[in-house]
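The structure appears right after this line, and notes come after that.
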Amino acid sequence: MVKISKLFINKDVKDYELTRSIQTKINLLPIFVDSTDEVYRWVNLDNDPVRHGKEVLYLSANKGQFLKNCPGTKSYMCCGYKILHIGTFCTMDCSYCILQAYFHPPVLQFFVNHNDLESELDRFFELNKTPARIGTGEYTDSLIWERWSNLSEMLVSKFSNQKLSVLELKTKTVLIEKLKNVPHNRKTIIAWSLNTPRVIAQEEKHSAKLKSRLEAAARCESWDYPLAFHFDPLIYYDGCEADYRTVVQQLFATVSPANIVWISLGAFRFMPKLKPIIQKRFPESKAVYGEFVPGLDNKMRYFKPIRMSLYRNMINWIRDAAPNVCVYFCMEDGHIWERCLGFNPDERGGLSQILDERATEVCNLLHCS
Ligand code: SF4
């Protein structure tokens, strides 16, 4: 993990108990600010503001909504996910991380107004009448905050007391210890992003090794948590097939297919403005050099035959070990679904419904008619 060297605290939250407790754990003299702009100014002083944004921790309040619909895109099938917006950015440093180009500049920011978060969730649970899949790992890694807060424990126990929503905690860390004794009632899915040891070593700086991620998954399974895995991004390189095949084999040698809620597959894609950032920050990375074409969402994607070949291979290896596990594509079109998985989600009520049904089955959600 990147080491935090500066702590900024918004004056609005300086007296919060959580602020004080994080301050004690970080053990840095804080700089109190009136607005985020002051933090941005400091971060922009460095000629690698992205790196600098990982070295600060900015504590503030989320004045907007914590729960948001995942933006998705009209051109590709979206899974109807909800984002629980707990904070932004990350202490790991993946070359391909979209967050580098998403915020201006990106800053490691944690919202400490957890009372508001809890009230919003309570209202949501009260009013919501259909299955919902909610995740904290879209604008940040879900578990990096475990070192400084008990947020996941609070969320896991909150979700355990209702029957229509699942929480997905997505991570590339192994910071799972605090989850061990939390009553979860199978309403929290612990999910890992998986990749080949070569991609992890070359493109996912400061993240946990593959073996450690799988061992952590096995421990969570032993605590009866449902699991999920995301092969996203699948990165093409010479010899990647053999490496991905080995990862799939290791996965199923470690955890039980019946306890896996879903596995997603997503070939590497990037906004064009991410390319110069990767080239500057990770000159040794080969990720952006390949046969890319602009997609309907203006992101660069592998040429379709490359994507289909990656997907077909992955699906065959997964199916060999786990014929019934739920596999889905993140942001792909109907043609890819039909050609690689043999059906179009629209024939089965849509991707959102397929995943809701799977969560209902594996996480024991209330059946809705
Ligand atoms: S772990 Fe996720 S959020 Fe963190 S740097 Fe990597 S891609 Fe970005």
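The values are calculated or read from the model by the stated rules, or taken from the named source; none is laboratory data. In this text, all values refer to a predicted model and were calculated from it rather than measured experimentally. Virtual Cβ from ideal backbone geometry, glycine too; neighbours counted across all protein chains shown.
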Discussion item. Restricting to segment 327-353, name every residue that is more than 19 Å from Tyr311 (Cα to Cα) and either outside any helix (DSSP H, G or I) or in contact (Cβ under 8 Å) with a residue 12 or more places away in the chain (or both).
Written reply: Asp346, Gly349, Gly350, Ser352
Discussion item. Of the conditions (1) closer than 23 Å to Val247 by Cβ; (2) away from the ligand (no atom under 14 Å from the Cβ); (3) of a type in the set (D, E, K, R), Lys209 satisfies every one except a single condition; which number is it?
Written reply: (2)
Item to complete: Return the total of residues in segment 109-143 being near the ligand (Cβ under 10 Å from one of its atoms) and in contact (Cβ under 8 Å) with a residue 60 or more places away in the chain.
Response: 1
Discussion item. Cβ contacts < 8 Å: first residue under 22 Å from Lys286 (Cβ atoms), restricted to segment 202-224; second residue outside any helix (DSSP H, G or I) and more than 16 Å from the ligand (Cβ to nearest atom), any location; separation 6+ or different chain. Result?
Written reply: Gln202/Glu284; Gln202/Lys286
Worksheet, complete the sentence: Conditions (1) more than 16 Å from the ligand (Cβ to nearest atom); (2) at positive phi -> Pro183 fails only (2)
Discussion item. Take Trp192 and tell me if it is surrounded by fewer than 20 Cβ atoms within 10 Å (Cβ to Cβ) and among the aromatic types (Phe, Trp, Tyr).
Written reply: no
Worksheet entry | Check on Ile189, more than 29 Å from Gly290 (Cβ to Cβ) and within 16 Å of the ligand (Cβ to nearest atom) | no
Fill in: Those residues of segment 159-171 which are away from the ligand (no atom under 16 Å from the Cβ) and out of contact with any helix residue (DSSP H, G or I) (no Cβ under 6 Å at 6 or more places or on another chain), in sequence order
Phe159, Ser160, Asn161, Lys163, Leu164, Ser165
Item to complete: Mind listing whichever residues of segment 118-168 are among the basic types (Lys, Arg) and over 15 Å from Leu67 (Cβ atoms)?
Response: Lys129, Arg147, Lys163
Discussion item. Just checking, does segment 151-162 include any residue being touching a residue at least 40 places away in the same chain (Cβ under 8 Å), of a type outside the set (A, V, I, L, M) and buried (at least 20 other Cβ atoms within 10 Å of the Cβ)?
Written reply: no
Worksheet, complete the sentence: Residues of segment 63-81 being among the aromatic types (Phe, Trp, Tyr) and either more than 30 Å from Trp337 (Cα to Cα) or within 16 Å of the ligand (Cβ to nearest atom) (or both), in sequence order, are Phe66, Tyr81
Worksheet item: Which residues, counting only those in segment 175-229, are of a type in the set (Ser, Thr, Tyr) and in contact with a Leu (Cβ under 8 Å, 6 or more places away or on another chain)?
Response: Thr188, Thr196, Tyr225
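Residue-wise test of (1) modelled with pLDDT of 95 or more; (2) touching a helix residue (DSSP H, G or I) at 6+ places or on another chain (Cβ under 8 Å); (3) of a type in the set (A, V, I, L, M).
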residue	(1), (2), (3)
Phe268	yes, no, no
Ser285	yes, yes, no
Gly334	no, yes, no
Gly350	no, no, no
Val362	yes, yes, yes
His367	no, yes, no
Discussion item. Could you check segment 301-324 and list, in sequence order, the residues that are surrounded by fewer than 19 Cβ atoms within 10 Å (Cβ to Cβ) and among the aliphatic types (A, V, I, L, M)?
Written reply: Ile306, Met308, Ile315, Ala321
Worksheet item: Does segment 82-105 contain at least one residue that is within 16 Å of the ligand (Cβ to nearest atom) and closer than 22 Å to Glu357 by Cα?
Response: yes
Item to complete: Evaluate the following for Ile22: is it surrounded by fewer than 19 Cβ atoms within 10 Å (Cβ to Cβ), in contact with a Phe, Trp or Tyr (Cβ under 9 Å, 6 or more places away or on another chain) and β-branched (Val, Ile, Thr)?
Response: no
